[in-house]
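Colleague: If you scroll down you'll find the structure; I have some questions about it.
The values are calculated or read from the model by the stated rules, or taken from the named source; none is laboratory data. Since this is a predicted model, take the numbers as computed values, not measurements. Backbone-built Cβ (ideal geometry, glycine too); neighbour counts: all protein chains shown.
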């Protein structure tokens with residue numbers, strides 16, 4: 001990553017200025033009310049997405065044009081931030097890019113395994129270092145998981161270590177879940193190692209952010225596995241704050257009251273308990289949404305709570321931008337008729353309740 005040797009005071013001032021251009025919660029309703037995608041495009045053309053839409057409409061139409069515009073805008077935003085980072089801030093920003101590398105790899109594994117349409121699969125990816133846009137398009141066109149992994153190994157993507165973690169678990173059965181679990185474990189380990197290389201005043205918050213990301217991953221896995229008797233230990237990712245014993249109890253819990261009891265008294269679990277306590281026990285998607293929203297609100301809240309001369313503003317801005325992009329994708333799918341509009345609204349991530 002190139003750029004001037006900027007300190008956090010300069011970088012965070014730039015990020016706060018960029019924050020002022022993000023949507024507020026009132027901006028979403030008029031877009032969701034658009035009668036069709038053409039009207040949605042017209043609405044977005046009056047926003048900061050105008051340039052991205054102009055680019056996407058050259059080659060795409062309808063829903064694909066909107067999704068491509070969001071992708072273009074996200075890539076341009078990350079490039080812009082990388083351009084004004086330098087020195088220590090560049091290292092911290094590189095760590096903030098690690099979840100995008102994970103997202104791209106896991107999304108490609110699942111998409112290729114399920115034979116997803118390559119064009120739609122590409123639109124679900126994030127062109128961000130270490131992946132270039134052309135590389136992602138080529139990866140999305142692979143027809144087998146083995147071909148996908150072979151290409152990732154050939155390109156040493158996302159990193160040589162992570163590429164090896166993928167290749168090391170190729171089997172005749174080609175169980176994508178096994179490959180993904182191995183990759184996630186290696187990704188968590190290498191990301192923790194990168195954070196550990198930073199000074200303590202920077203590493204503390206980044207470590208907490210990663211731990212909560214890993215806790216969320218493990219909590220959602222516990223939901224998926226709840227009530228299932230496993231012959232082997234659950235593949236919890238290491239590095240989170242929640243102990244394995246707590247996760248095991250949660251996975252074996254029945255009704256919500258038992259789940260609350262499994263987390264009660266565990267200090268790091270206090271962050272996740274309010275959403276669980278409010279859950280009615282019906283749709284697990286509702287609890288997933290509540291947990292995701294809790295993490296997003298904490299991250300975005302770092303705009304006010306974090307040290308202005310540390311990496312907290314990175315975390316806050318990227319979380320706010322991610323929430324906006326998620327909300328707009330949901331709106332686009334709803335306007336296109338692929339998702340109920342009320343369901344889309346319920347799934348928005350908003351900075352505050």
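Colleague: Would you confirm whether or not the stretch 154-161 contains a residue that is closer than 29 Å to residue 66 by Cα, part of a helix (DSSP H, G or I), in contact (Cβ under 8 Å) with a residue 24 or more places away in the chain and not assigned by TED's automatic domain parsing to the domain that holds residue 65?
Modeller: Checked against the condition, which is being closer than 29 Å to residue 66 by Cα, part of a helix (DSSP H, G or I), in contact (Cβ under 8 Å) with a residue 24 or more places away in the chain and not assigned by TED's automatic domain parsing to the domain that holds residue 65, the stretch 154-161 yields no hits at all.
Colleague: Right, residue 245: free of Cβ contacts under 8 Å to residues at least 24 places away in the same chain, farther than 21 Å from residue 285 by Cβ and not assigned by TED's automatic domain parsing to the domain that holds residue 90 or not?
Modeller: So residue 245 passes the test.
Colleague: Looking only at the stretch 69-89, which residues are surrounded by fewer than 22 Cβ atoms within 10 Å (Cβ to Cβ) and more than 17 Å from residue 22 (Cβ to Cβ)?
Modeller: The answer is 79, 82, 83, 84, 86, 87, 88.
Colleague: Residues in the stretch 26-37 that are more than 26 Å from the chain's Cα centre (by Cα) and surrounded by 13 or more Cβ atoms within 10 Å (Cβ to Cβ): how many?
Modeller: 2
Colleague: What residue, among those in the stretch 223-242 that are within 19 Å of residue 178 (Cβ to Cβ) and not in a loop (DSSP other than H, G, I, E, B), is nearest to the chain's Cα centre (by Cα)?
Modeller: 224
Colleague: Considering only the stretch 184-196, I want to know if a residue exists there that is farther than 21 Å from residue 148 by Cβ, more than 21 Å from the chain's Cα centre (by Cα) and free of Cβ contacts under 8 Å to residues at least 12 places away in the same chain.
Modeller: yes
Colleague: Looking at the stretch 1-99, what helices (runs of 4 or more DSSP H) fall wholly within it and have at least 2 residues that are farther than 30 Å from residue 198 by Cα?
Modeller: Qualifying helices (runs of 4 or more DSSP H): 28-32, 37-44, 50-56, 62-83.
Colleague: Would you pick out the residues in the stretch 103-114 that are more than 19 Å from residue 217 (Cβ to Cβ) and free of Cβ contacts under 8 Å to residues at least 24 places away in the same chain?
Modeller: 114
Colleague: Of the conditions (1) within 28 Å of residue 6 (Cβ to Cβ); (2) assigned by TED's automatic domain parsing to the domain that holds residue 175; (3) in contact (Cβ under 8 Å) with a residue 12 or more places away in the chain, residue 123 fails just one. Which one is it?
Modeller: (1)
Colleague: Any chance the stretch 219-235 includes a residue that's touching a helix residue (DSSP H, G or I) at 6+ places or on another chain (Cβ under 8 Å) and under 30 Å from residue 87 (Cα atoms)?
Modeller: Checking the stretch 219-235: not a single residue is touching a helix residue (DSSP H, G or I) at 6+ places or on another chain (Cβ under 8 Å) and under 30 Å from residue 87 (Cα atoms).
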